[in-house]
Amino acid sequence: MRTLPHPCPRPRRRARSLGVLIATASAVAATALAAPGAASAATTTPVTSAPAPAAAARADSSAALPAHALVGYLHSSFANGSGYTRMADVPDSWDIINLAFGEPTSTTSGDIKFSLCPQSECPKVETEAEFKAAIKAKQAAGKKVQISIGGQNGQVRLATTAARDKFVSSVGAIIDRYGLDGLDIDFEGHSLSLNNGDTDFKNPKTPAIVNLISAVKTLKAKYGANFTLTMAPETFFVQLGYQFYGSGPWGGQDPRAGAYLPVIQALRNDLTLLHVQDYNSGPIMGLDNQYHFMGGADFHIAMTDMLLAGFPVAGNKNNVFPALAPSQVAIGMPASTHAGNGHTAPGEVNKALNCLTKKTDCGSYQTHGTWPALRGLMTWSINWDNFNGREFSKNFDTYFGRR
């Protein structure tokens, strides 16, 4: 048994068998699950002003993307009910293609491996030579192809410098082998958590977090300014940090709460895109100090507003997570009802985009700004979008007039 600061069960990002195993969000109030004697800091310390100024200039790698970009995950190493999609058959709508997934040989080894889905599991899989050629063709067409590390099954915990160094060398080997553009960090489950007493997101002390930051900076330095870096944390690891950070001042909270914040903070000048998974989530408190529930425009508006306005961490208005640049932010959504809990219908997707970029269709939530430069959307996944008649990608292209 564990004490959670928030009623969010561990989401399952993907399943290897037919159908997708999805987490069921609980509606229990988060404050009731705080450590004994603790109160919800965000509830007792409401926001009284716009949280933070805009972030610094975007990473150089962002400049090569279109003004509004579409990011998708390609099931390259496994099969499930969505069907296998060859790299050459990925539709042109996708601007960043994340190969899912590079996974470790063990949780703490740092040794990341990636290989194409075996033919016994994916009868339509291409050869490695065909796969590499298709990647080059996508890149020639202006697309970015990255290796995504982690996912539901790929727990990665870089607790030692040896694991850090192995992560750098093994991820670099995958990038070199396939000629990739960069890296997507999709650490889930127990990959990131904060040690007791690690309370300052601007100066983390937890080895697994410090080593991850160091490893990514090393890869960025190796490959240069055009190296793309994206992250796909869950709301539990980012927006929940408005209420709870780590195990808390009294202990007893889930130490994973807000645990991505120090990683994002340390890498914000290297970050191409942050696309939080606005799905498989429990209710999350927004800057209006109200709980928001996944599946409609309101959830995406409230969660994205937090990233674009900044927010006090654990309710401390003297300790603010600074806003990201709109060009560094995309919204993560499931491509279909099969892909994840919290699917958002196209009409609701468009309402969210209207609110954030035009300040129309906002409903009851009042954003802290208007951001026409919001970069775009991410989805799990390209395969599930194809399975669903490309509803997600076609709606994106229509909304932004790209097709």
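Just so it is clear, none of the values below were taken in a lab; they were calculated from the coordinates. No experiment lies behind these values; they were computed from the predicted model shown. Because the Cβ atoms are built from the backbone with ideal geometry, glycine has one as well, and the counts that use them run over all protein chains shown.
The table for this structure:
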item	result
Semi-axis lengths (Å, descending) of the ellipsoid that matches the C-alpha gyration tensor of the stretch 137-270	28, 15, 13
Among 168-176, 207-215, 69-77, the order from most to least packed when residues are scored by Cβ within 10 Å on average	69-77, 207-215, 168-176
Choice from 393, 120, 93 with maximal GNM fluctuation in the chain (Cα, 10 Å cutoff)	120
Label point distance in nm, residue 113-residue 391, each placed 7 Å from Cα along Cα→Cβ	3.8 nm
Ordering of 355-366, 142-153 by burial proxy (mean other Cβ atoms within 10 Å per residue, highest first)	142-153, 355-366
Descending principal axes extents, the stretch 247-403, alpha-carbon based, whole Å	50, 34, 30
DSSP beta bridges in the chain [antiparallel fraction, %, rounded to 5]	15 percent
Length added when fully stretched, residue 269-residue 88, from 0.36 nm per residue minus Cα-Cα	61.9 nm
In degrees, nearest ten, helix 207-223 long axis to first principal axis of the chain (Cα)	40 degrees
Label-point separation in nm, residue 290 to residue 221, each point 7 Å along Cα→Cβ	4.8 nm
The chain: relative contact order as a whole-number percent, Cα under 8 Å and 6+ apart	21 percent
Chymotrypsin sites (Phe, Trp or Tyr not before Pro) restricted to DSSP loop in the stretch 243-346 with at most 15 other C-beta within 10 Å	250, 293
Model label zone, residue 177; criterion: amide N under 20 Å from point 7 Å along Cα-to-beta-carbon; scope the stretch 81-103	85-88, 97-103
Backbone HN-Hα couplings from phi across the stretch 301-315 [Karplus 6.51/-1.76/1.60, Hz, Gly and Pro as x]	5, 5, 5, 6, 4, 4, 6, 8, 9, x, 7, x, 7, 6, x
Residue-wise HN-Hα coupling along the stretch 252-259, computed from phi with Karplus coefficients 6.51, -1.76, 1.60 (Hz; x: Gly, Pro)	x, 7, 5, x, 8, 4, x, 5
Calculated log₁₀ intensity ratio I(q)/I(0) where the Debye formula runs over C-alpha points of the stretch 61-399, q = 0.15 Å⁻¹	-1.30
